């Protein structure tokens with residue numbers, strides 16, 4: 001046997017298999033570590049009892065990394081600060097992991113299906129750096145297809161069958177050419193106000209000349225989270241808005257809180 005025949009002494013197929021196993025194990029660890037940049041360390045009643053307890057699992061949290069966004073601002077993940085919001089709910093039992101019971105108005109307190117993330121309080125931008133989602137009145141060149149029903153001027157009816165407001169305008173996404181929100185003029189305790197309704201929560205009934213919403217009742221439109229600017233919506237405002245309508249599927253009426261069977 002010649003000394004140059006190294007394949008006679010080493011099983012390269014088995015070495016390649018071992019190398020693949022090591023690489024794949026390292027890849028899984030890396031991906032598992034990177035996906036902990038959002039939502040960790042977790043907060044619970046255990047972590048509140050002692051500062052030495054951190055619910056992060058294995059592998060540990062990655063070191064903070066700064067991401068330079070397209071329009072110049074920076075985002076750090078994982079976030080160094082804790083969520084500053086007060087949890088307006090209490091556990092129904094003394095054991096860890098007990099379900100939370102709201103203590104206030106769950107539709108605006110950010111609990112259960114109404115929970116929302118603390119995204120940036122600034123608008124999402126187009127490639128050119130302009131607000132991406134704006135009302136049709138502020139989007140020259142955009143229009144509603146004439147063969148589709150135009151909701152402007154229609155009454156908005158809640159799940160209780162009562163009128164909650166009248167459609168004033170629609171908001172368009174200038175990057176994806178979609179309708180995102182319906183602008184509604186509704187009546188509140190201190191007078192009329194303008195609120196938004198996410199397009200996916202509305203059903204346009206053109207034949208009946210109305211917009212139907214099943215997640216909330218007519219009276220709930222008065223408490224829909226508002227906007228800082230009449231023609232701009234921020235990422236944080238979008239979170240609160242969608243969370244409000246989502247929470248209505250559970251909290252809008254007492255009968256929705258009961259068991260299904």
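Would you mind stating whether residue 185 is closer than 29 Å to residue 126 by Cβ, surrounded by fewer than 19 Cβ atoms within 10 Å (Cβ to Cβ) and touching a residue at least 12 places away in the same chain (Cβ under 8 Å)? Give the steps one after another, and end with the answer.
Values: closer than 29 Å to residue 126 by Cβ: yes; surrounded by fewer than 19 Cβ atoms within 10 Å (Cβ to Cβ): yes; touching a residue at least 12 places away in the same chain (Cβ under 8 Å): yes.
Criteria met by residue 185.
Looking at 190, 217 in this structure, which one is over 27 Å from residue 124 (Cα atoms) and touching a strand residue (DSSP E or B) at 6+ places or on another chain (Cβ under 9 Å)? Show your work before the answer.
Numbers: 190 fails: touching a strand residue (DSSP E or B) at 6+ places or on another chain (Cβ under 9 Å).
Step by step, each of 190, 217 is checked, and only 217 is over 27 Å from residue 124 (Cα atoms) and touching a strand residue (DSSP E or B) at 6+ places or on another chain (Cβ under 9 Å).
In the stretch 112-144, how many residues are more than 21 Å from residue 73 (Cβ to Cβ) and part of a loop (DSSP other than H, G, I, E, B)?
Of the residues in the stretch 112-144, the ones more than 21 Å from residue 73 (Cβ to Cβ) are 112-115, 135-144.
Filter once more, so that each one left must be part of a loop (DSSP other than H, G, I, E, B): 115, 139-144.
Counting residues in the stretch 112-144 that are more than 21 Å from residue 73 (Cβ to Cβ) and part of a loop (DSSP other than H, G, I, E, B) gives 7.
Of all residues being over 19 Å from residue 107 (Cα atoms) and in a loop (DSSP other than H, G, I, E, B) in the stretch 181-228, which is modelled with the lowest pLDDT? Just the residue, please.
The qualifying residue modelled with the lowest pLDDT is 190.
Suppose the filter is under 24 Å from residue 246 (Cα atoms), touching a strand residue (DSSP E or B) at 6+ places or on another chain (Cβ under 6 Å) and buried (at least 19 other Cβ atoms within 10 Å of the Cβ); does residue 163 pass it? Let's see the steps before the verdict.
On the way: under 24 Å from residue 246 (Cα atoms): yes; touching a strand residue (DSSP E or B) at 6+ places or on another chain (Cβ under 6 Å): yes; buried (at least 19 other Cβ atoms within 10 Å of the Cβ): no.
Judged against the criteria, residue 163 is not a match.
Conditions tested, residue by residue: (1) buried (at least 20 other Cβ atoms within 10 Å of the Cβ); (2) farther than 24 Å from residue 253 by Cα.
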{"residue": "144", "(1), (2)": "no, yes"}
{"residue": "157", "(1), (2)": "yes, no"}
{"residue": "213", "(1), (2)": "yes, no"}
{"residue": "219", "(1), (2)": "no, no"}
{"residue": "227", "(1), (2)": "no, yes"}
{"residue": "239", "(1), (2)": "no, no"}
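Which of (1) touching a helix residue (DSSP H, G or I) at 6+ places or on another chain (Cβ under 9 Å); (2) surrounded by fewer than 17 Cβ atoms within 10 Å (Cβ to Cβ) is the odd one out, the single condition residue 172 does not satisfy?
(2)
The values are calculated or read from the model by the stated rules, or taken from the named source; none is laboratory data. Quick caveat: nothing in here was measured; it's all calculated off a predicted structure. Here Cβ is always computed from backbone atoms with ideal geometry, including for glycine, and neighbour counts include all displayed protein chains.
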